[in-house]
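Visitor: There's a structure below that I have some questions on.
The values are calculated or read from the model by the stated rules, or taken from the named source; none is laboratory data. These figures come from a predicted structure and were not determined experimentally. All Cβ positions, even for glycine, are placed from backbone atoms using ideal geometry, and neighbour counts span all protein chains on display.
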Amino acid sequence: MRNCLWIIILLIVWIGQWAAGLAGPLPTPGTPWWEGWLLVENLADVVIYQANQQWPCPSRSHSRRRGHRGKKRPSRPRAAPTRKNEEGTEPEQRSDGSQGSPCDTVFAPQRWGVSPELSQELPERLYGFWQRYAACFKTRTRNTSEYAYRYLSGLLRLETDRNYTNIGRATGVAAENVQHFMSNSPWSARVSLDQVVQEIKATPGLERGSVLILDESANQSGHQKAGAGRQYNGRLGKVEMSQVGTFLGYANTTHVTRPMWTWVDGELYLPEHWFTPEMAEARKRVGIPPERRFQTKIEQGWQMIQHVQTQGLPFEAMACDDLYGQSTWLRDKLDGAGIPYIADVPCSTRVYLEKPMLGVPEPVPGRRGRKPTRLRVLNGVKPLKAHQVARRADTDWQRVRVRAIERGELNDPFAARRVWTLREGEAEPVQEWLVMRREGKKRTTYALSNAPSDASLEYLAWLKCQRYFVERAIQDAKSEVGWDELQARKYRGWEHHLALVILAVWFLAQTRWEWAERCARDPTLAQQFELELLPALSMANIRVLLRAAMPLPQPTPEQAVSLVVEHFVNRTRSRKSRLKRQRATSNAPP
């Protein structure tokens, strides 16, 4: 009885589909009942199609519908009827060759401003990029620019483990030659970095809205590497044996469809103990220049800012985290050089809401002891911590829309107040902006700025959110071009790796910038998705296109066997060397 009822229902459905010109084969009496249910489901789609003359996109939930007993039904592919789109052409093909419905027009590459031709031009583009920098890798006796091209190509095309050996294998160069080029060859890393700055300076569209961003990055390290020491590793959140570098980033996001960020400079931080007499042999072993002297990270950062400023790099402000921001010395240097800054500070930073009057107190008549010599606040104004200012009832919090982002909008509460801060040994306090931002329900961040007194809250909020882009630059340098995969011990190897990583990031950033201007997207895409901002072409996207046009060579079976044997030999030699050192140590007198 049940089967007869289903046959009658399916017959009615089939007649309705046949009337709509969409009939498929009539189900046989042996057809499972759940397939009949899928056909009944199709009836709703047929009705919508007839009413709207538009075939709806099937929802994801269809693929996981369950029966009346809660059991998962076998999936059955349902083919949409072939129907021409509004332009009178056949529906587009997906990347896998399957034919989609009219809603699949969002998969058309031309609408997103990409095409196979762009991928095919990348090898020539990379070669031309290298030719512009080839002179940077010449020494007095040799031209090592060919190794630079191979190394740059390896950074961009390899997915992981971008060490000297793997880069050499992927690009057809002996690993020993790559290691010598990076760790021993005396070509200047500074020359290539200066050329990057000049190219940024000459790029149209970057004259306004650019920001310098000062930050640091730490990588885990063995104790024999240059600059290694037990120091705070921000990525791990603890003190660990690490190498730490100070980096200067550059960002411009005034064009939301083609954002720009890249590194422009960097310096290896050498802890103070590296300059003790006991470390003289270690300094010589890793090749630290004899003229190098101890500098704090703050001093390194100021030196890099001065360098790019003298080169004429256009920027409107400088942003930094609280390691640099709490340094009154650095803030005074920036203000004295006429550089606007937005400097993050800890929540415990002391500020004054009223101007304090500083001076040396007069000695109290009749009181014994020394005369006062240190500056004191004479008018009784009390300092407040930054988080106390944020909680005051007279602090005006306003929600500010900073910019559209891929996850929606950057739309946080901000507040700003004019405050005074003190300088050690200075009788005159300095007036600054205290900019506060609530990020989520429990986190509030603080920054001090020397922006003009009439600066709007919108401008201050925009400045406060710029440091995000140096985090993106660090992330791209690590994940896309292997910054944190360096295994060299020498100081020169660190410098050379930094220079080529910056070149790789600049190549990707420049390509993205120029393609966004040259290959416009279909403006109706944003309307179709009902969004203000569509995702920009990422550096990872460009690397995918580059690998398609310049695929990595696959070893033949004979070459694979040779690689395995070479691996065996290297491991055996390494074990022999370690045993030799162990025996020498065990035989040494205690």
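Visitor: Spot the failing condition for D322; the list is (1) more than 25 Å from the chain's Cα centre (by Cα); (2) modelled with pLDDT under 95, and only one is missed.
Guide: D322 satisfies every listed condition except (1).
Visitor: Filter the stretch 219-271 down to the residues that are under 21 Å from Y324 (Cα atoms) and of a type in the set (S, T, N, Q) and list them by number.
Guide: Once the filter is applied, which keeps residues that are under 21 Å from Y324 (Cα atoms) and of a type in the set (S, T, N, Q), the stretch 219-271 yields N219, Q231, N233, S242, Q243, T246, T262.
Visitor: Shifting gears a bit: Can you pull out every residue in the stretch 164-210 that is polar (S, T, N, Q) and within 21 Å of L508 (Cβ to Cβ)?
Guide: Filtering the stretch 164-210 for residues polar (S, T, N, Q) gives 165-166, 171, 177, 179, 183-185, 188, 192, 195, 198, 203, 210.
Scanning the stretch 164-210 gives N166, T171, S192, Q195, Q198, T203, S210.
Visitor: Now a separate question. Would you check if R83 is loosely packed, with under 13 Cβ neighbours inside 10 Å, in a loop (DSSP other than H, G, I, E, B), at pLDDT below 50 and out of contact with any strand residue (DSSP E or B) (no Cβ under 9 Å at 6 or more places or on another chain)?
Guide: Values: loosely packed, with under 13 Cβ neighbours inside 10 Å: no; in a loop (DSSP other than H, G, I, E, B): yes; at pLDDT below 50: yes; out of contact with any strand residue (DSSP E or B) (no Cβ under 9 Å at 6 or more places or on another chain): yes.
The answer is no for R83.
Visitor: Additional query: Which one of these is among the aliphatic types (A, V, I, L, M), modelled with pLDDT under 95, farther than 27 Å from A536 by Cα and surrounded by fewer than 19 Cβ atoms within 10 Å (Cβ to Cβ): A455, A427?
Guide: Answer to the check: A427.
Visitor: State the number of residues belonging to the stretch 367-390 that are among the small types (G, A, S) and under 38 Å from the mean Cα position of the chain (by Cα). Break it down stepwise before answering.
Guide: If we filter the stretch 367-390 for residues that are among the small types (G, A, S), which is where we start, we get 369, 380, 386, 390.
Adding the requirement that they be under 38 Å from the mean Cα position of the chain (by Cα) leaves 386, 390.
Looking only at that region, the number is 2.
Visitor: While we're looking at this one, here's another question. Would you please list the contacts, defined by Cβ atoms under 8 Å and residues six or more apart or on different chains, that run from a residue in the stretch 347-367 that is small (G, A, S) to a residue that is assigned to a strand (DSSP E or B)?
Guide: Here the result reads S348/K385; G359/R376, each pair linking the stretch 347-367 to a residue that is assigned to a strand (DSSP E or B).
Visitor: For the structure I just gave you, tell me whether P363 is in contact with a strand residue (DSSP E or B) (Cβ under 6 Å, 6 or more places away or on another chain), assigned to a loop (DSSP other than H, G, I, E, B) and closer than 25 Å to G425 by Cα.
Guide: Working: in contact with a strand residue (DSSP E or B) (Cβ under 6 Å, 6 or more places away or on another chain): no; assigned to a loop (DSSP other than H, G, I, E, B): yes; closer than 25 Å to G425 by Cα: yes.
Against the criterion (in contact with a strand residue (DSSP E or B) (Cβ under 6 Å, 6 or more places away or on another chain), assigned to a loop (DSSP other than H, G, I, E, B) and closer than 25 Å to G425 by Cα), P363 does not qualify.
Visitor: Please go through the stretch 490-532 and give me each residue that is hydrophobic (A, V, I, L, M, F, W, C), more than 21 Å from M260 (Cβ to Cβ) and buried (at least 19 other Cβ atoms within 10 Å of the Cβ), ordered by number.
Guide: Scanning the stretch 490-532 gives a single hit, W494.
Visitor: Give the stretch 199-217 a look and list any residue that's over 16 Å from W263 (Cβ atoms) and in contact (Cβ under 8 Å) with a residue 24 or more places away in the chain, or say none. So that I can check it myself, show each step before the final result.
Guide: Of all residues in the stretch 199-217, those over 16 Å from W263 (Cβ atoms) come to 202, 204-205, 207-209.
Once the filter is applied, which keeps residues that are over 16 Å from W263 (Cβ atoms) and in contact (Cβ under 8 Å) with a residue 24 or more places away in the chain, the stretch 199-217 yields G205, E207, R208, G209.
Visitor: If you check L206 against the conditions, is it part of a loop (DSSP other than H, G, I, E, B), among the hydrophobic types (A, V, I, L, M, F, W, C) and within 29 Å of F137 (Cα to Cα)?
Guide: Working: part of a loop (DSSP other than H, G, I, E, B): yes; among the hydrophobic types (A, V, I, L, M, F, W, C): yes; within 29 Å of F137 (Cα to Cα): yes.
It is true that L206 is part of a loop (DSSP other than H, G, I, E, B), among the hydrophobic types (A, V, I, L, M, F, W, C) and within 29 Å of F137 (Cα to Cα).
Visitor: Only residues that are more than 30 Å from P259 (Cα to Cα) and touching a helix residue (DSSP H, G or I) at 6+ places or on another chain (Cβ under 7 Å): list them for the stretch 372-416, please.
Guide: First pass over the stretch 372-416, keeping only residues more than 30 Å from P259 (Cα to Cα): 372-396.
Scanning the stretch 372-416 gives a single hit, T395.
Visitor: While we're here: Pick from the stretch 474-489 the residues that are in contact with a helix residue (DSSP H, G or I) (Cβ under 7 Å, 6 or more places away or on another chain) and within 24 Å of R258 (Cα to Cα): which of them is surrounded by the most Cβ atoms within 10 Å (Cβ to Cβ)?
Guide: Step one: of the stretch 474-489, the residues in contact with a helix residue (DSSP H, G or I) (Cβ under 7 Å, 6 or more places away or on another chain) are 476-478, 480-484, 486, 488-489.
Going one step further and asking which of them are within 24 Å of R258 (Cα to Cα), we end up with 476-478, 480-483.
On the way: D476: 22, A477: 25, K478: 16, E480: 19, V481: 24, G482: 24, W483: 28.
Top of the filtered list is W483.
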